[in-house]
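Take a look at the structure set out below.
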Amino acid sequence: MGPTAPALFVVLLLTGFLGTATTSWADEFSLEGAVQFEVRVFPGPQSYAGQNFSEISPSLVIAPELFYETESGDGRFTVKPYLRADADDAERSHFDLREASWLSQGDGYDVTVGLSKVFWGVTESVHLVDIINQTDGVEDIDGEDKLGQPMINLNIENDFGTFGLFVLPGFRERTFPSSKARLRGSLPFDNNRATYDSSAEEAHVDFAFRWSQVFGDIDVGLSQFVGTSREPRFNLVNDNGRMLLRPHYDQIDQTGLDIQLTTGPWLWKLEAISRGGHGDRFAAAVGGVEFTFFQLGGTEMLKQADLGLIVEISQDGRDDTRAPATLNDNDIFLGTRLALNDENDTSALGGFVIDRLTGETLFSMESERRLSDNWKIEFEARTTLHTPKGAFTEGIRHDDYFMLRLARFF
């Protein structure tokens, strides 16, 4: 799907919506969202010629959310634009429609048409089964931020579970930092000339299916995806003397399984996939446990606080010569989650990802606290603690950063 195709998809959706909406709009519209001011601090020097020297990199995000609900409550229109202006990365300054969709609900079913976001998964360190939306790679290196995906999604719920069918008429390319930005790695990306297995390229129509059910304390999900891989491989190309990494998107099929078991303070989690299309078919899995100490007690601050301890192990059998490289191929994640459960919703999540073979070690931490009903402050840190030669993170070993974000909600 070309750059203007998602916008065209939304225009068609709006045309149909405007033609059918006959109720009193003033009573049914709502507007909310946030404006965020963010500062990233890079303590170390740049690693490569042409990269920005700025140790302090500010940016501004405007993320409104517009909702319209029919008087009967069985229809809902959602628009969530996202605009970031970044002082140092031209690619990070971008606009996206995270969501622009119409939801219609009936007895035991719902249908979503438009740009939307869908999340699958239960584990903390990596989301193997989450494959519907493309990663927004300029937002953060953790892969949690996603682009809006054009879709037609039908969900049917009955005694046998929830059945979801997805028709995905168009592909979104992954975003990458510019050649002058920090966190780009040792070679810049060729952001505008991706290649594809399919002759239809971005216009290829993908399909997905998911079944989920709850059996007592166990939540189970089984999914199938057929279409364009959201993970690109990279070909090294010479562009007028500049060596660039050009993304290539393969046609794949992926079967996924996610399971979560809740037993008191214990959460047992598993995600597993089998994928074909990236060389020989391979399997990958991540699983682990989270144990929570409720109401820690002691000081006044900790009386209502909960502390979770997380351990997850990942294993990935892909061939890196014919499949996209991955950080989580043979790793262990050790983390903690703290929720003070106070009136300011103070919380923090942090942990280490350690390669069990090479010792490559990364640390990340996220925390947030409400300052008032309308203001919130967030802090993040991403650091590479040990980076052997040839490691996945070698190219960004000097790009450790700390981030402070102040958000104003409306």
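Within region 235-250, being surrounded by 17 or more Cβ atoms within 10 Å (Cβ to Cβ) and assigned to a strand (DSSP E or B) holds for Leu244, Leu245, Arg246, Pro247, Tyr249. Residue pairs whose Cβ atoms lie under 6 Å apart, separated by 6 or more positions or on different chains, with the first residue in region 192-214 and closer than 18 Å to Phe176 by Cβ and among the polar types (S, T, N, Q) and the second in a strand (DSSP E or B) and modelled with pLDDT of 95 or more, are Thr195/His248.
Tallying residues that are surrounded by 15 or more Cβ atoms within 10 Å (Cβ to Cβ) and in contact with an Asp or Glu (Cβ under 7 Å, 6 or more places away or on another chain) within region 310-329 yields 8. Filter region 347-384 for residues that are of a type in the set (A, V, I, L, M) and surrounded by fewer than 14 Cβ atoms within 10 Å (Cβ to Cβ); which is farthest from Asp320 (Cα to Cα)? Residue satisfying both the conditions and the ranking: Leu371. Residues that are within 21 Å of Gly390 (Cα to Cα) and of a type in the set (Asp, Glu) within region 314-373 comprise Asp316, Asp319, Asp320, Asp329, Asp331, Asp355, Glu360, listed in sequence order.
Consider region 358-410 and keep the residues that are basic (Lys, Arg), assigned to a strand (DSSP E or B) and out of contact with any Ser or Thr (no Cβ under 7 Å at 6 or more places or on another chain). The one that is nearest to Gln315 (Cα to Cα) is Arg405. Reported count of residues in region 32-64, each being loosely packed, with under 15 Cβ neighbours inside 10 Å, more than 15 Å from Asp89 (Cβ to Cβ) and free of Cβ contacts under 8 Å to residues at least 60 places away in the same chain, is 2. Looking across region 385-410 at every residue that is surrounded by 15 or more Cβ atoms within 10 Å (Cβ to Cβ) and of a type in the set (Gly, Ala, Ser), the one that is nearest to Ile141 (Cα to Cα) is identified as Gly395. Filtering region 327-377 to residues that are farther than 22 Å from Asp140 by Cα and of a type in the set (Ser, Thr, Tyr) leaves Thr358, Ser372.
Touching an Asp or Glu at 6+ places or on another chain (Cβ under 8 Å), exposed (fewer than 15 other Cβ atoms within 10 Å of the Cβ) and either within 21 Å of Gly287 (Cα to Cα) or at pLDDT 95 or above (or both), is that true of Val220? No: the conditions fail for Val220.
When the residues of region 282-302 are filtered to those that are small (Gly, Ala, Ser) and farther than 15 Å from Glu124 by Cα, the one that is surrounded by the fewest Cβ atoms within 10 Å (Cβ to Cβ) is Gly298. Only residues that are polar (S, T, N, Q) and either crowded, with 19+ Cβ neighbours inside 10 Å or outside any loop (DSSP other than H, G, I, E, B) (or both) were counted in region 184-217, giving 4.
The set of residues in region 65-104 being in contact (Cβ under 8 Å) with a residue 40 or more places away in the chain, more than 19 Å from the chain's Cα centre (by Cα), more than 30 Å from Ile156 (Cβ to Cβ) and surrounded by fewer than 19 Cβ atoms within 10 Å (Cβ to Cβ) consists of Ala90 alone.
The values are calculated or read from the model by the stated rules, or taken from the named source; none is laboratory data. Remember, it's a predicted structure, so these values are computed and weren't measured experimentally. Positions of Cβ are generated from backbone atoms using ideal geometry, with glycine treated the same way; all protein chains shown enter the neighbour counts.
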